[in-house]
Amino acid sequence: MFRFISESNQWIVINYTIVFIFVCSGLSLYYLPLFDFRPYRIGTNIPRGMEIPKDAEQPLFETTFIMEKGGQRKEFTLNDYPDSTWKFIDSKTVQVKEGYIPPIHDFSVADRKTGKDLTDSVLRHKGYTFLLIAPYLERADDSNFGDIDQLYEYAQTYNIPFYCLTASTAKAIQRWRDITGAEYPFCITDETTLKTIVRSNPGLLLLKDGTIINKWSHNQLPNGAKLSLPITQSALGKMPQDSVPGKILEIILWFILPLTLLTLADRLWAWSKWVRLKEKKDKQRLYQLFNKKKSKMRKKIVAGNWKMNLNLQEGIVLAKEINEAMTAEKPNCDVVICTPFIHLASVAQVLNADLVGLGAENCADKEKGAFTGEVSAEMVKSTGAQYVILGHSERRQYYGETAEILKEKVQLALKHGLKVIFCCGETLEERESNRQNAVVKAELDGSVFNLTAEEWKNIVLAYEPIWAIGTGKTATSDQAEEMLCYIRSTVAEKYGKEVAEETSILYGGSCKASNAPELFSKPNIDGGLIGGASLKAADFKGIIDAWKK
Ligand SMILES: O=C[C@H](O)COP(=O)(O)O
């Protein structure tokens, strides 16, 4: 079913509606009702509202006469009134039809002291008249009496009549005078009429030629700047222009607009959620593709990365030992040792290239030329090496190798016939904020996903979580498997499932003979890039032997 708002956000609409109702009711109570449906609304001419049209319907009365004759009583009307033999007993008159009642039929003003009817002089006055309406002064709010007195002074300054209409007793009027210092005249008007005129006790009415120009609650009486000009030149003397349809529209907008914005935001949120879910499902589908059993199509590799640990003599000794170990017992995976540049040529001499591959730990991002201290891919290749490690986190971290620099290096290494062991991995902080996938994807996107499918055949990937390198803290086999599965799915997205199935992806980071069997048993882990444990032939062989378990 189509929804305007999601279930989880429904509460906002409900709460907003409740708050909206309360705010509208509160405003109506504190000021005046938002809509005035009574006969004394702004714009009404009171004398006109009191008029009875000439052809107006008159009330109809019927009189019944009770007569008696010979002990028998009977009722008659004027139409069948009997002869004089009947004796009149009683009569009753009832109104059978109501006549026309004008909308304003109960407005009168009487002087409190003399009782003189002032209705006409109030309503027929040419110009403005202030009427302070206070049905019962004993319960009137006196907190704004300062504003009332100021208005009275203003009225006096500009010769505007000012009356207080009330239904209160003389005692209540005196009490009000004592409290507020009121000097304006008090007149008597029917209590119900006063309550109908304005829903505020006290409230203020401004008449002009008998027409209601404006009305105010005691909480919003005109004051200050509004009283600085004569009433004819001030906004005070003008009828507000807000029409009922305009007000209705304004209220609808206040209600609808925020809800429309909320609905749009909600729909956007629901849509992005749907997109994220879809992406997740697509990824999961890819994961599932690679999550079954290890492919026989791709190479299993154990590669050592000696880093900057051994001098030339030590390196040659280690290389010989590894070579001998591999000769004595053939490995059932590819074995590679990656050494510092100065070892390459010498180590190449002692290795059986069919059993142990050789690689560099780095190469230059320039082809050739005046780059003092650099070693080009071509130079590496010329030593007899077949591999080069690129993108290692230590190169990124300590030597500022960016994705762009690495992209250049990868291109040059491939151009000169080297296979690239390309490293990627996240920091501890990135993993803790669950950004490992995005980080790894960005590293691949930035440096190797630009390669052609043909070039890709010479790429080996190595996932090395930075927090596990040389720390003794290995990623669990499940963590490593999950990441490698994710990496393979990104390769599949880029190059297709078949290429992804053929890509060897290694795990690196505190990998040892003790944890290698568990790690290598995972369907997506095709071997290891080994640091510390590659510096002793026995340790390194222990890891290589994990493939035999
Ligand atoms: O290249 C190798 C990795 O940096 C792993 O080093 P590690 O085995 O000493 O933790």
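The values are calculated or read from the model by the stated rules, or taken from the named source; none is laboratory data. Small disclaimer: the values here were computed from a predicted structure and weren't measured. Here the Cβ positions follow ideal geometry from the backbone for every residue, glycine too, while neighbour counts run over all protein chains shown. Heavy atoms of the whole protein, side chains included, go into the accessibility calculation; ligands, DNA and RNA do not. Shrake-Rupley method; radii C 1.70, N 1.55, O 1.52, S 1.80 Å.
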(message) When the residues of segment 28-82 are narrowed to those that are of a type in the set (Asp, Glu) and exposed (fewer than 15 other Cβ atoms within 10 Å of the Cβ), which ends up nearest to residue 144 (Cα to Cα)?
(response) 51
(request) Quick one: count up the residues across segment 86-99 that are open to solvent by 80 Å² or more (accessible area, probe 1.4 Å) and assigned to a loop (DSSP other than H, G, I, E, B). (result) 1
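I need the helices (runs of 4 or more DSSP H) fully contained in segment 285-389, keeping only those with at least 3 residues that are under 26 Å from residue 409 (Cα atoms) and among the aliphatic types (A, V, I, L, M). Give the steps one after another, and end with the answer.
Values: elements: 312-328, 341-350, 377-382.
The helices (runs of 4 or more DSSP H) meeting that bar are 341-350, 377-382.
Here is a yes/no grid of residues against (1) on the phi > 0 side of the Ramachandran plot; (2) hydrophobic (A, V, I, L, M, F, W, C); (3) within 60 Å of the chain's Cα centre (by Cα):
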site: 22; (1), (2), (3): no, yes, yes
site: 28; (1), (2), (3): no, no, yes
site: 33; (1), (2), (3): no, no, yes
site: 56; (1), (2), (3): no, yes, no
site: 63; (1), (2), (3): no, no, no
site: 88; (1), (2), (3): no, yes, no
site: 99; (1), (2), (3): no, no, no
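Can you find even one residue in segment 439-454 that is at pLDDT 95 or above, within 16 Å of the ligand (Cβ to nearest atom) and either among the charged types (D, E, K, R) or under 19 Å from residue 404 (Cβ atoms) (or both)?
Our first condition is that a residue be at pLDDT 95 or above; within segment 439-454, this holds for 439-454.
Retained after the next criterion (residues that are within 16 Å of the ligand (Cβ to nearest atom)): 440, 443.
Narrowing the set further to residues that are either among the charged types (D, E, K, R) or under 19 Å from residue 404 (Cβ atoms) (or both) leaves 440, 443.
The answer is yes; a qualifying residue exists.
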(request) Identify, by number, the condition in (1) crowded, with 17+ Cβ neighbours inside 10 Å; (2) closer than 23 Å to residue 234 by Cα that residue 194 doesn't meet. (result) (2)
(message) Can you pull out every residue in segment 100-115 that is surrounded by 12 or more Cβ atoms within 10 Å (Cβ to Cβ) and either assigned to a loop (DSSP other than H, G, I, E, B) or among the polar types (S, T, N, Q) (or both)?
(response) 100, 101, 102, 103, 104, 105, 106, 107, 108, 109, 112
(request) Report yes if some residue within segment 122-143 is closer than 20 Å to residue 42 by Cβ, modelled with pLDDT of 95 or more and assigned to a helix (DSSP H, G or I); otherwise report no. (result) yes
(request) Could you list all residues from segment 282-335 that are within 16 Å of the ligand (Cβ to nearest atom), touching a Cys at 6+ places or on another chain (Cβ under 6 Å) and open to solvent by 50 Å² or more (accessible area, probe 1.4 Å)? (result) none
(request) Return yes when residue 505 is within 19 Å of residue 332 (Cα to Cα), within 16 Å of the ligand (Cβ to nearest atom) and β-branched (Val, Ile, Thr) and no when it is not. (result) yes
